[in-house]
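K.L.:
Quick one: the structure is below, questions incoming.
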Amino acid sequence: MQRLILVLGAWLLPLFVLADVAPTIALRLIEGDYLPGDVLELEAKMRGLDYAEFELHVPANPQCHFVAQTREPVHYIGGEYMQSVRLLLQPMSAGDFELAGITATIAQGGVARDVALPSVLFSVASYAAEDMSKAAAELGASAFLLTQASNHLRIIIAVLFVVLMLVWLLLRKINVKPLQTVQAEVGLDDLIAILEDSPGLAPGDIAEQILKRTNQVLSPNLREHLEAAVYGKQMDAETLLRLLREERAR
């Protein structure tokens with residue numbers, strides 16, 4: 001069995017002009033031995049000094065089935081925001097593959113832009129690797145039937161794995177749906193009410209939900225103070241309350 005050949009460069013791609021504050025994206029294909037029908041995992045990880053969001057887009061490939069895409073929560077570690085997206089894909093045949101045209105949509109400060117990412121090259125081994133040796137020829141029809149049975153068993157196991165994964169993702173989506181509904185209902189008025197009643201209380205989950213809402217347009221100054229309060233644990237309650245009132249009056 002041939003090993004999977006990964007041809008991945010050092011893909012730290014600057015996304016904005018200022019290199020010292022610009023978020024970067026790295027692509028990584030999990031290494032392993034793969035055959036047709038196995039599930040591979042591609043990870044895109046973004047980090048930067050300022051908070052930003054991104055969506056990964058991979059064009060359809062006729063020889064590669066895309067199973068699922070999952071997103072990891074945002075982390076703030078060592079003064080950097082870190083977030084990642086994992087893509088599960090399933091090659092349907094053996095050979096060399098190229099995932100080209102991969103892009104990421106970056107949203108930061110109310111501005112969204114598309115950025116091209118490098119192609120991903122990899123190889124998938126074949127079930128029926130040709131063996132021209134004398135010993136292989138002497139095995140005859142019995143060895144061929146055993147090999148075919150083993151191949152069929154692997155395919156069945158791979159299909160069952162994919163079905164179970166899809167069911168798990170569907171159940172996970174159903175479980176988090178009520179939480180998403182609650183997050184969509186909060187707004188600036190809720191945060192203003194909390195700060196007016198308890199000026200020393202941290203904004204907490206409500207402020208983080210407002211930052212993550214794609215339909216909520218915030219001024220750069222207000223977004224900076226909200227990010228500092230939520231992720232940096234540095235809150236100026238008086239200034240934050242004033243900025244929230246000004247934002248609501250617009």
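The values are calculated or read from the model by the stated rules, or taken from the named source; none is laboratory data. These figures come from a predicted structure and were not determined experimentally. Here the Cβ is made from the backbone with ideal geometry for all residues, glycine too, and neighbour counts use every protein chain on show. Quick note on the areas: whole protein, heavy atoms, side chains included, nothing else; ligands and nucleic acids left out. Shrake-Rupley method; radii C 1.70, N 1.55, O 1.52, S 1.80 Å.
K.L.:
Would you check if there is a residue in segment 54-63 being modelled with pLDDT under 85 and open to solvent by less than 30 Å² (accessible area, probe 1.4 Å)?
P.N.:
So the first thing to find is which residues in segment 54-63 are modelled with pLDDT under 85, and the list is 60-63.
From what is left, the residues that are open to solvent by less than 30 Å² (accessible area, probe 1.4 Å) are none.
So far as segment 54-63 goes, no, none of its residues is modelled with pLDDT under 85 and open to solvent by less than 30 Å² (accessible area, probe 1.4 Å).
K.L.:
Looking only at helices (runs of 4 or more DSSP H) that lie completely in segment 154-250, which have at least 1 residues being modelled with pLDDT under 80 and touching a His at 6+ places or on another chain (Cβ under 6 Å)? Talk me through it step by step, then tell me what you get.
P.N.:
Details: elements: 188-197, 204-212, 220-230, 237-249.
Ranges flagged: 237-249.
K.L.:
State all residues of segment 73-99 that are open to solvent by 40 Å² or more (accessible area, probe 1.4 Å), under 30 Å from residue 163 (Cα atoms) and under 17 Å from the mean Cα position of the chain (by Cα); if no residue qualifies, say none.
P.N.:
Within segment 73-99, 73, 86 qualify.
K.L.:
For segment 223-242, which positions are open to solvent by less than 50 Å² (accessible area, probe 1.4 Å) and over 19 Å from residue 108 (Cα atoms)? Steps first, please.
P.N.:
Going through segment 223-242, the residues open to solvent by less than 50 Å² (accessible area, probe 1.4 Å) turn out to be 223, 226-232, 237, 239-241.
Listed by number, the residues that qualify are 237, 239, 240, 241.
K.L.:
Might you let me know whether segment 53-65 holds any residue that is touching a residue at least 24 places away in the same chain (Cβ under 8 Å) and among the acidic types (Asp, Glu)? Step through it out loud before you land on a result.
P.N.:
Let us first name the residues in segment 53-65 that are touching a residue at least 24 places away in the same chain (Cβ under 8 Å), namely 53-59, 61, 63-65.
Imposing the further condition that a residue be among the acidic types (Asp, Glu) reduces the set to 53, 55.
Yes.
K.L.:
Moving on. Confirm whether residue 33 is open to solvent by 20 Å² or more (accessible area, probe 1.4 Å), in a loop (DSSP other than H, G, I, E, B) and more than 21 Å from residue 100 (Cα to Cα). Break it down stepwise before answering.
P.N.:
On the way: open to solvent by 20 Å² or more (accessible area, probe 1.4 Å): yes; in a loop (DSSP other than H, G, I, E, B): yes; more than 21 Å from residue 100 (Cα to Cα): yes.
When the stated conditions are applied, residue 33 passes them.
K.L.:
If you don't mind, there's one more thing I want to ask. Can you tell me which condition residue 46 does not meet? The list is (1) under 20 Å from the mean Cα position of the chain (by Cα); (2) within 30 Å of residue 225 (Cα to Cα); (3) open to solvent by 40 Å² or more (accessible area, probe 1.4 Å), and all the others hold.
P.N.:
The single condition residue 46 does not satisfy is (3).
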